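Report on the structure given below.
The values are calculated or read from the model by the stated rules, or taken from the named source; none is laboratory data. Please read all numbers here as calculations on a predicted model, not as lab measurements. We place every Cβ from the backbone using ideal geometry, glycine too, and count neighbours over all the protein chains shown. Calculation scope for accessible area: heavy atoms of the full protein, side chains included, ligands and nucleic acids excluded. Shrake-Rupley method; radii C 1.70, N 1.55, O 1.52, S 1.80 Å.
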Amino acid sequence: MGYHDERRFPDFSFISRAKNFTQMLDCVIISHFHLDHCGALPYFSEMCGYNGPIIMTHPTKAICPILLEDYRKITVNRQGETNFFTSDMIKECMKKVVTVQLLQTYHVDQDLEVTAYYAGHVLGAAMFHVKVGNESVVYTGDYNMTPDRHLGSAWIDKLRTDVLITETTYATTIRDSKRCRERDFLKQVHECVKNGGKVLIPVFALGRAQELCILLETFWNRMNLTVPIYFSTGLTEKANYYYKLFISWTNQNIKQTFVKRNMFDFKHVQPFDRAYVHAPGPMVLFATPGMLHAGTSLDVFKEWAPNPKNMVIIVGYCVAGTVGNKLLNGAKRVEIDKKTTVEVNCKIKNLSFSAHADAKGILQLIRQLEPRNIVLVHGEKGRMQYFKDKVQRDFGIPCYDPPNGTTVYVDGTQTIPVDISRTLLKRKLPLADRISASLHSEDTTVTSDQPTEATAPVKMETDEIDPQENKSIERLKRPRPPAHSALMEGILLMKSDQSLTLLDRDELLPQLNTPEHIISFSSKRSLATVKQSAEELLTTIATIIQRDLDATCTYKESIVTVNNKAVQVRIEGKELKCEWTYQHEDLAVRTVKIIDSLIESSTR
């Protein structure tokens, strides 16, 4: 705010200094239509060259161009600034938008998927769950955990996401009850107009304007008041049209009464004409923008502020440096620009009707989501630091509040799906003998946090299971964490489609179509001084091995074979040769000790 060149927009060089934005980004997500979330969109897509998909909800796509065009008119037509996006650029930008419904999952590519959840806040606002493989992020945008008179509260599934990126506008504030705030608001407005004063309520065109219009409309009907209520024409008038169009995004009360009476067809609230600024008598005016930094609200404030009968009610958040923020800090003289200073004699009231979540609401979302890491954005530094400390103290969750342009690294968890062969499963799991008849396929898929550990129950059918076992098998079939996990030791094979299979050793070579290569070792002993014949020596060796080593031993064709060729002993010329495979080294060492003992005793 305050710049008149490209610095008014975010510094996108943090994404790519070479401006290869389309290559660097898979998509752009717009959570809602407020300008602090979408105001730089045409600049980024049309002037910086981003050409990828832009994801938003249907109401956001409908209202976004209206706000962007109004922003362009104020900046270019009234203030005469250049190097700004044009009307045609806004239209071209909107052609790149991909719209999503609530709970709809949009697949950006085969790996990346995006799901929208209801955020409250304003019409069409959404939180987005972004998932790649088994890792995910929830980006909240702006949200409200408390329902109001025209929108519901934000809601989302218990996703247990890896990272939660949440706004913290009111991270250190706990608001009074909604009913108390409404009662105080109505009391202040009524007393001011009863005493002949004018009430200025700076609001943004969509959201709080509709909320407070409904509140005053209901109160005026109940009290039979005739004091005029105005809203600044243009944006708010168009906004009311879209609230009627997207009635399904409003709360249950609005939807239930919509057939009989549309709550946005106001009887007492009329369009405002600038000629009414100097009109005598009391009135109430909703004027944009909400921070009193430009537009109709600032123009009217300059005219009404010197009169002590009048009142300004600030109902939303005001950024530091704006006129609204200065009024909240108690300023009695406000410098609008170098030529204009306003004496503030009117009453200033701060009655927050902000549609942002307060501290309780943010903590409620954290409890619902159970994220592994939290990143705080969209807030003031001091408040974010305080809230960060509270989150880490209360939840024990790593929490970050990075400045703009800072990269945050978080530890993720990745679950790798592995197919385990039935042969290996049968050998490792005691239950496998009873359930193997139910396995209709060669491989059974399990999921593991480690490639070699099975931590999910086996999927199976019950057609061929004994009826007495149905109860336990049904329990196994449920999609729930396993009661036990078993360590699987095997050979991990990656197939051509990059899927992983854990195999028993004997299954690997047929899978690879590769002949078996056996590594064997041998040890030789000289028989030059041995008095026994070769046949007598081998027979004695076989007898002692079978007796002392508890091994299966055969003597045939001048070869002693131990445990099915694990170890073999034979005589070659004047030498005795012992051979073994690498898996049976322990057995071979004990066999060689027996041979050495026999040779030593036969030479005496």
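Which angle between 0 and 90 degrees, to the nearest 10, do you get for helix 381-395 versus the longest principal axis of the chain when only C-alpha atoms count? It works out to around 40 degrees.
For the chain, what is the calculated [θ] at 222 nm in deg cm²/dmol (nearest 500), taking -39500 (n - 2.57) for each run of four or more DSSP H residues and dividing by its residue count?
Result for the chain: -9000 deg cm²/dmol, rounded to the nearest 500.
A full extension of the chain between Ser13 and Asn83 corresponds to an added length of 23.4 nm, given 0.36 nm per residue minus the alpha carbon distance. Classification of the range 290-345 by its C-alpha gyration tensor yields a rounded form. The axis ratio a/c (a ≥ b ≥ c) stays under 1.5.
The label-point distance for Lys187 and Ser499, in a model that sets each label 7 Å from Cα toward Cβ, rounds to 6.9 nm. Ligands, DNA and RNA excluded, the heavy atoms of Glu489 present near 120 Å² of accessible surface to a 1.4 Å solvent probe. Compared with the dominant principal axis of the Cα atoms in the chain, helix 534-548 is inclined by about 50°. Across the chain, C-alpha contacts under 8 Å between residues 6 or more apart give a mean separation that, scaled by the residue count, equals a relative contact order of 10 percent. Atom-type composition of the exposed protein surface of the chain places 49 percent of the accessible area on carbon and sulfur (1.4 angstrom probe). In straight-distance terms, cross-link reach from Lys19 covers every one of the lysines whose alpha-carbon lies under 24 Å from its own, apart from those fewer than eight places away in the same chain; here that gives Lys91, Lys95, Lys96. Label separation (Thr581 vs Thr539): 3.1 nm, computed from points 7 Å beyond Cα along the C-beta direction.
Applying 0.36 nm per residue to the separation of Thr226 and Tyr409 and subtracting their alpha-carbon distance, the gain on full extension is 59.9 nm. The aspartates and glutamates whose alpha-carbon is closer than 14 Å to the alpha-carbon of Lys524, local same-chain residues fewer than 8 away aside, are Glu572, Glu575, Glu579, Asp596. Dipole magnitude for the chain: about 2980 debye, using +1 per Lys or Arg Cβ and -1 per Asp or Glu Cβ, origin at the Cα centre. Excluding ligands, DNA and RNA, the accessible surface per residue across the range 484-579 is 67 Å² with a 1.4 Å probe. Here Lys332 is the anchor, and the lysines within straight C-alpha reach of less than 25 Å, apart from those fewer than 8 places off in the same chain, are Lys187, Lys194, Lys198, Lys302, Lys309, Lys347, Lys349. Name the residues of the range 572-603 whose amide N is less than 18 Å from a point 7 angstrom out from the Cα of Ile519 along the C-beta direction? From the range 572-603, the list is 579-589.
Positive contributions from Lys and Arg (+1) and negative ones from Asp and Glu (-1), summed over other residues with Cβ under 12 Å from the Cβ of Lys349, come out at +1.
Here the spin labels are modelled as points 7 Å beyond Cα on the Cα-Cβ line, and at Asn329 and Asn51 they lie 4.6 nm apart. When all alpha carbon pairs of the chain are counted in 20 Å bins from zero, the resulting P(r) reads 15, 35, 21, 14, 9, 5, 1 %. Compute the long axis of helix 58-72 from its Cα atoms, compare it with the longest principal axis of the Cα atoms of the chain, and write down the angle in degrees, 0 to 90, nearest 10. It works out to around 50 degrees.
In this structure Tyr71 has an accessible area near 60 Å², from a 1.4 Å probe over the protein heavy atoms.
Considering only beta bridges that DSSP places wholly inside the chain, some 60 percent are antiparallel. Met145 contributes about 30 Å² of solvent-accessible surface, heavy atoms of the protein only, 1.4 Å probe. Available extension along the chain between Lys309 and Ile559 is 78.3 nm, counting 0.36 nm per residue and deducting the alpha carbon span.
Between Thr172 and Leu487, what is the FRET efficiency for a Förster distance of 51 Å, r being their Cβ-Cβ separation, to the nearest 0.05? Calculated transfer efficiency: 0.60.
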